[in-house]
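Novice: Before we start, here is the structure in question, set down as structure tokens.
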Amino acid sequence: MSGFPSFAYHNARFCVESVPLDRIAEEFGTPCYVYSRAALTAAYQEFDSAFAGRDHLVCYAVKANSNLAILNLFARLGSGFDIVSGGELQRVLSAGGDPQKIVFSGVGKRPDEMRAALNAGILCFNVESEAELITLNQIAAEIGKIAPVSLRVNPDVDAKTHPYISTGLKENKFGIPFDEAEKLYLSIQQFPNVHATGLDCHIGSQLTELDPFIEACGKILDLLNRLEAQGLQIEHLDLGGGLGIRYSTEKPPSARDYIAALCGGIGRRSQRILIEPGRALVGNAGLLLTRVEYLKHTPYRDFAIVDAAMNDLIRPALYDAYHEILPVIANGNDVKTYQIVGPVCETGDFLGHDRKLALSQGDLLAVMSAGAYGMSMSSNYNTRPRAAEVMVDGDNIHLIRERESVEQLIAAERILP
């Protein structure tokens, strides 16, 4: 079974902390995202404590899951935040995040987003192109600010992950080509309203080996040596995120081993270290609760048609991603090999293939490891309202996002006169 000890069977009922999932389904309906406060807290503290007194900032990658309750929980624990849009900036500030702990990444920052971040007083912009640097300098000049920047350098390192979430190869859209970074850093003095404070890289997501991190870190340190030899003062090193989690049989490094490898590579350098974990903080702290609507038996395959769909959890359809699927209450039916599919009108609408389960109509299923890129990537395809979200804290259940209604979905639309 995936993830944290917060998820376990008690008397044949699957529970999150002390709360049986069938109780959540009865109270809040399905599909429903369910998170464990204890698991979220433990994941953050594992990262934070691994630095062992070294000057650092753990910046949660908001795109993984941007619910205000989760952001507020991390803010209370002392977390920083890695954002990629003006909307995420507003979410973090609304959740009580400290703007001086926010880094703004992303290849396509708009002028209005830059302006909002400058006025908020964020820690740093991770700049990804010369064109962006020029625009940021202009916006900062217009409002009388100095923009703190890191250049996100593309180290051309193979992250050995799914090609859609690999970001550190030279053919990817992200970052500044490694061979051009030094020249661009030295040109920053031509921009009076930006100030280089950091050096940044990020090579991808769901990495399960340390070698790519170590290789990228080595390249960044070589660049840092050259910049310092030219007289540049770099205050922090942002080494990105991307540490993977266990969905099935993966064996990713622990947060402690990951950070030990980074710190070992950096040695005794004085720069503050920033990291940007997302999936590794929230992925195994949440699940998607769904109900079997129908069992459909054909000569070729057996289907369990559930009320969650690709609009609720797109990762299987988008990446052919695996999520463990567990029965909430074990029953005595015969085990069959089921295709777990949703009601959306796409053959790609599936949550799992070839799962051996004993099922009856109306049974509840827990789709595990769904805390990251589940709700945050969900949509209203087929005019399906998005799921409710709840947080379990011991034996307490907190609704942290109400289920959408169709009335809300169509309220902003207008019929022609």
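Novice: So which residues in segment 78-97 are part of a loop (DSSP other than H, G, I, E, B) and surrounded by fewer than 17 Cβ atoms within 10 Å (Cβ to Cβ)?
Specialist: Step one: of segment 78-97, the residues part of a loop (DSSP other than H, G, I, E, B) are 78-79, 84-85, 95-97.
The answer is Gly78, Gly96.
Novice: Count, please, the residues in segment 197-233 that happen to be within 22 Å of the chain's Cα centre (by Cα) and either part of a helix (DSSP H, G or I) or surrounded by fewer than 24 Cβ atoms within 10 Å (Cβ to Cβ) (or both).
Specialist: As a first pass, look at segment 197-233 and keep what is within 22 Å of the chain's Cα centre (by Cα): 199-214, 216-217.
Remaining after also requiring either part of a helix (DSSP H, G or I) or surrounded by fewer than 24 Cβ atoms within 10 Å (Cβ to Cβ) (or both): 208-214, 216-217.
Adding up the residues that qualify gives 9.
Novice: Can you tell me which residue within segment 369-407, out of those that are assigned to a loop (DSSP other than H, G, I, E, B) and of a type in the set (A, V, I, L, M), is farthest from the chain's Cα centre (by Cα)? Talk me through it step by step, then tell me what you get.
Specialist: Initially, segment 369-407 is screened for residues assigned to a loop (DSSP other than H, G, I, E, B), giving 369-374, 378-387, 394-395, 402-405.
From the residues that got through so far, the ones that are of a type in the set (A, V, I, L, M) too are 370, 372, 387.
Working: Ala370: 11, Ala372: 5, Ala387: 18 Å.
Among those that are assigned to a loop (DSSP other than H, G, I, E, B) and of a type in the set (A, V, I, L, M), it is Ala387.
Novice: Report, by residue number, each residue of segment 5-47 that is more than 20 Å from Ala280 (Cα to Cα), modelled with pLDDT of 95 or more and among the hydrophobic types (A, V, I, L, M, F, W, C).
Specialist: Correct list: Phe14, Cys15, Val19, Leu21, Ile24, Ala25, Phe28, Cys32.
Novice: Return yes or no: is Ile188 farther than 17 Å from Cys59 by Cβ and in contact with a His (Cβ under 8 Å, 6 or more places away or on another chain)? Don't jump to the end; show me each part of the working.
Specialist: Details: farther than 17 Å from Cys59 by Cβ: yes; in contact with a His (Cβ under 8 Å, 6 or more places away or on another chain): yes.
So Ile188 fits the description; yes.
Novice: Considering segment 56-84 alone, what residues qualify as being in contact with a Cys (Cβ under 7 Å, 6 or more places away or on another chain) and among the aromatic types (Phe, Trp, Tyr)?
Specialist: The answer is Phe81, and nothing else.
Novice: Would you point out the residue of segment 186-209, among those that are hydroxyl-bearing (Ser, Thr, Tyr) and out of contact with any strand residue (DSSP E or B) (no Cβ under 6 Å at 6 or more places or on another chain), that is nearest to Ala255 (Cα to Cα)?
Specialist: Here is the first cut: in segment 186-209, the ones hydroxyl-bearing (Ser, Thr, Tyr) are 187, 197, 205, 208.
Filter once more, keeping what is out of contact with any strand residue (DSSP E or B) (no Cβ under 6 Å at 6 or more places or on another chain): 187, 205, 208.
Working: Ser187: 36, Ser205: 14, Thr208: 11 Å.
Ranking the candidates gives Thr208 first.
Novice: Something else now. Go through (1) modelled with pLDDT of 95 or more; (2) within 19 Å of Ile329 (Cβ to Cβ); (3) of a type outside the set (A, V, I, L, M, F, W, C) one by one and return the number of the condition Ser2 breaks.
Specialist: Result: Ser2 passes all but (1).
Novice: Might you check whether a residue that is closer than 24 Å to Ile24 by Cβ and either surrounded by fewer than 19 Cβ atoms within 10 Å (Cβ to Cβ) or over 21 Å from the mean Cα position of the chain (by Cα) (or both) occurs anywhere in segment 294-301?
Specialist: First pass over segment 294-301, keeping only residues closer than 24 Å to Ile24 by Cβ: 294-295.
Next, from what is left, pick out any that are either surrounded by fewer than 19 Cβ atoms within 10 Å (Cβ to Cβ) or over 21 Å from the mean Cα position of the chain (by Cα) (or both): 294-295.
Within segment 294-301, one or more residues are closer than 24 Å to Ile24 by Cβ and either surrounded by fewer than 19 Cβ atoms within 10 Å (Cβ to Cβ) or over 21 Å from the mean Cα position of the chain (by Cα) (or both).
The values are calculated or read from the model by the stated rules, or taken from the named source; none is laboratory data. For clarity, every value in this text was computed on a predicted model and none was experimentally measured. Virtual Cβ from ideal backbone geometry, glycine too; neighbours counted across all protein chains shown.
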